[in-house]
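Here is the structure we will look at, set down as structure tokens.
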Amino acid sequence: MFVNLLNLGRVSYTDGLAIQQRVIAARKQNLIGDTLLLLEHPPVLTLGRNSSRANVLASDEFLQQRGIELHEVNRGGDVTYHGPGQLVGYPIIDLRGDLPGKKGPHLGPVDFVRMLEEVLIRTCGDFGVMAQRISKRTGVWTLSGGSIQEKKIAAIGVHVSQGVTSHGFALNVTTDLRDFDWIIPCGITDRQVTSLELEADPDRQPTMETALNATARNFGRIFERQMLWCESMDSLLATSA
């Protein structure tokens, strides 16, 4: 069993959504196997199903002047920022397939999210960053200790349609964290965000390439699949399930 892996590089959010929809349609028709899209976006804000416009602190005028788009999407969660230096992953996975921990006819969406969290926790660990889950707060967080509060290093928000997942995760690698001042990330007011770059060991500083490779490797381990690199959308869509 394998997961197709396609690195799209930096693409606009609009283009990323269009690519994602093509892959979802192909997966639902069983024309391709499970697929992981990895990419970066230019600065963009997205509002999930449970979002509040009040959590966008920047004015419409400011966003327009900076050329920052705002998209309302059907993933779970609140408002999220995407931008350069952030690794975004869109897993297009059929939850009815042969997946670890599946009980019954399909893997539950919550169990799927927990698996994504584990992928990112292990990826952080590859750079010497100890990370964790926090009850009732989806995503991945650094460890707290003493007077040090945990910080959010990765956000997760997914959508499931006809058993197939879309949207996914965003891991701050070398992200300019000042851009998060435009929003209240995920509607959480009492915690800060951070990045692998800030938290990593000095001798294990990440790049987008090393973070992408680590994420792909850990995705394969957690989902117990071989990762099959694809060179392009055409080569992906030419594969068979």
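The values are calculated or read from the model by the stated rules, or taken from the named source; none is laboratory data. Computed from a prediction, not measured in an experiment: that's the story for all the values here. Every residue, glycine as well, gets a Cβ built from its backbone with ideal geometry; the counts of neighbours run over all protein chains shown. With ligands, DNA and RNA removed, areas are computed over all heavy atoms of the protein, side chains included. Shrake-Rupley method; radii C 1.70, N 1.55, O 1.52, S 1.80 Å.
Remarks
- Matching residues, the stretch 54-69, being open to solvent by 20 Å² or more (accessible area, probe 1.4 Å) and within 22 Å of Thr174 (Cα to Cα): Arg66, Gly67, Glu69
- Number of residues in the stretch 1-48 that are touching a strand residue (DSSP E or B) at 6+ places or on another chain (Cβ under 6 Å) and among the polar types (S, T, N, Q): the value is 5.
- Taken as a whole, the stretch 38-46 holds no residue that is part of a helix (DSSP H, G or I) and either more than 18 Å from Val160 (Cβ to Cβ) or modelled with pLDDT of 95 or more (or both).
- When the test is whether a residue is crowded, with 19+ Cβ neighbours inside 10 Å, under 18 Å from the mean Cα position of the chain (by Cα) and at pLDDT 90 or above, Thr207 does not pass it.
- Residue check for Ile121: within 14 Å of Val140 (Cα to Cα) and hydrophobic (A, V, I, L, M, F, W, C): yes
- Selection from the stretch 79-93 of residues that are open to solvent by 20 Å² or more (accessible area, probe 1.4 Å) and closer than 25 Å to Arg225 by Cα: none
- Screening the stretch 5-32 for residues that are in contact with a Phe, Trp or Tyr (Cβ under 9 Å, 6 or more places away or on another chain) and open to solvent by less than 10 Å² (accessible area, probe 1.4 Å) and picking the one that is farthest from Phe223 (Cα to Cα) gives Gly16.
- Verdict on Glu150 being under 16 Å from Gly125 (Cβ atoms), touching a residue at least 24 places away in the same chain (Cβ under 8 Å), open to solvent by 20 Å² or more (accessible area, probe 1.4 Å) and in contact with a Phe, Trp or Tyr (Cβ under 7 Å, 6 or more places away or on another chain): yes
- Looking across the stretch 133-146, just one residue is open to solvent by 50 Å² or more (accessible area, probe 1.4 Å), closer than 25 Å to Arg225 by Cβ and not charged (D, E, K, R), and that is Thr138.
- Pair list, Cβ under 7 Å, 6 or more apart: the stretch 101-128 residue without any contact (Cβ under 8 Å) to a residue 12 or more places away in the chain, other residue open to solvent by 50 Å² or more (accessible area, probe 1.4 Å): Pro105/Arg96; Asp111/Gly101
- Test result for Leu38, open to solvent by less than 20 Å² (accessible area, probe 1.4 Å), in contact with a Gly (Cβ under 6 Å, 6 or more places away or on another chain) and in contact (Cβ under 8 Å) with a residue 40 or more places away in the chain: yes
- If you check Gln192, Gln132 for being of a type in the set (S, T, N, Q) and touching a residue at least 40 places away in the same chain (Cβ under 8 Å), only one passes: Gln192.
- From Val158, Val164, residue being buried (at least 16 other Cβ atoms within 10 Å of the Cβ), touching a His at 6+ places or on another chain (Cβ under 7 Å), closer than 19 Å to Gly33 by Cβ and not small (Gly, Ala, Ser): Val158
- Lone unmet requirement of (1) in contact with a Lys or Arg (Cβ under 8 Å, 6 or more places away or on another chain); (2) of a type in the set (Val, Ile, Thr); (3) part of a strand (DSSP E or B) for Thr165: (1)
- Of the set (1) open to solvent by 50 Å² or more (accessible area, probe 1.4 Å); (2) in contact with a Pro (Cβ under 9 Å, 6 or more places away or on another chain); (3) among the small types (Gly, Ala, Ser), all apply to Gly76 but (1).
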